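Structure first, then comments.
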Amino acid sequence: MVKHRLIACLLWRDGLIVQSVNFQHTNFVGDAFTAVDFFNTWAIDEIVILDVSRDAKKRDLYYKIIEEISRRCFVPLSVGGKISSLDQIREFLRLGADKVVINTEAVKNPAFVTKAAKMFGNQCIVVSMDVKGKSKEDYKVYIENGSLATDWSPYEWAKKAETLGAGEIFLTSIDRDGLRQGYDLELIKGVADVVQIPVIASGGVGSWQHMADGIEKGGADAVSAANIFHYSEQSTKKAKEYLKEAGINVREPEFYKILLPREPKYII
């Protein structure tokens with residue numbers, strides 16, 4: 001039986017990790033290197049890092065950050081944010097990423113997903129879906145960091161993304177993001193029911209029970225969180241222990257004993 005995954009999401013802006021509430025960046029919480037070092041040892045299954053910088057001039061720095069992170073990351077690493085070309089995907093994979101996360105460009109240019117999947121393999125193409133709406137009737141997919149509405153419903157876009165070649169869906173509720181009220185279970189369940197590829201739930205975790213609900217009630221294959229992990233020692237290990245005690249099939253919540261490079265090559 002396939003195990004459910006626990007994923008940490010890091011939002012990288014202009015060199016530092018930020019918190020997000022309804023896609024508004026509220027404050028800086030540290031650097032990516034420290035976060036990855038801790039997650040490596042705290043029983044996380046995967047790490048997603050997304051570039052949410054407003055300044056395009058920081059892109060070269062982001063490449064350097066990814067190269068350094070991949071050196072110290074011992075779990076699968078997914079990289080996203082402003083990916084719009086095959087050359088960018090190739091470069092991130094060369095630098096050590098295992099998967100890439102595509103959002104805006106996938107909607108604007110659906111053929112890009114197919115080209116990327118054919119060139120690099122479905123398994124490393126994750127289509128990110130940011131959704132606004134309070135119910136099934138008014139859900140809409142948004143792009144451009146959640147600022148621009150599209151005509152796509154999340155269900156139709158998820159099915160389309162799967163046929164285009166996406167290997168996973170990273171599904172975030174903008175309305176729930178950062179509010180700690182739990183995932184939008186109706187949204188997650190609706191998307192999970194219409195695709196065969198894995199769905200990663202994101203947006204709204206305020207307790208470990210919310211993660212269990214995302215899997216048991218929402219039908220998510222994996223659960224992701226960001227803000228909740230930044231302020232609790234051994235947070236991901238505690239989350240994994242909770243899920244296991246709830247009867248959810250996850251990997252053992254053990255510390256990984258790894259000698260980590262403590263000093264980054266690139267100083268911010």
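For the reader, a short list of remarks on this structure follows.
- Looking across the range 208-231, just one residue is in a loop (DSSP other than H, G, I, E, B) and modelled with pLDDT under 95, and that is Ala226.
- Pairs meeting the criteria (first residue in the range 155-184 and under 15 Å from Ile228 (Cα atoms), second residue basic (Lys, Arg), beta carbons under 9 Å, at least 6 apart or on different chains) are Gly182/Arg176; Tyr183/Arg176; Tyr183/Lys217.
- Contact map, the range 126-150: first residue closer than 18 Å to Val101 by Cα, second residue surrounded by 16 or more Cβ atoms within 10 Å (Cβ to Cβ) and of a type in the set (D, E, K, R), Cβ cut-off under 6 Å, separation 6 or more or different chains; pairs are Val126/Lys99; Val126/Glu168; Tyr142/Asp130; Tyr142/Lys132; Gly146/Asp130.
- Qualifying positions in the range 208-229 - in contact with a helix residue (DSSP H, G or I) (Cβ under 8 Å, 6 or more places away or on another chain) and surrounded by fewer than 17 Cβ atoms within 10 Å (Cβ to Cβ): Gln209, Lys217, Gly219
- Assessment of the range 157-165 against the conditions (assigned to a loop (DSSP other than H, G, I, E, B) and out of contact with any Asp or Glu (no Cβ under 8 Å at 6 or more places or on another chain)) yields at least one matching residue.
- Considering (1) under 18 Å from the mean Cα position of the chain (by Cα); (2) in a helix (DSSP H, G or I); (3) crowded, with 20+ Cβ neighbours inside 10 Å, the lone condition that Ala116 does not fulfil carries the number (1).
- Residue in the range 126-146 that is acidic (Asp, Glu), part of a strand (DSSP E or B) and out of contact with any Pro (no Cβ under 7 Å at 6 or more places or on another chain) present: yes
The values are calculated or read from the model by the stated rules, or taken from the named source; none is laboratory data. Worth saying up front: this structure is predicted, and the values here are computed from it rather than measured. Glycine gets a Cβ as well: all are built from the backbone with ideal geometry, and neighbour counts include every protein chain shown.
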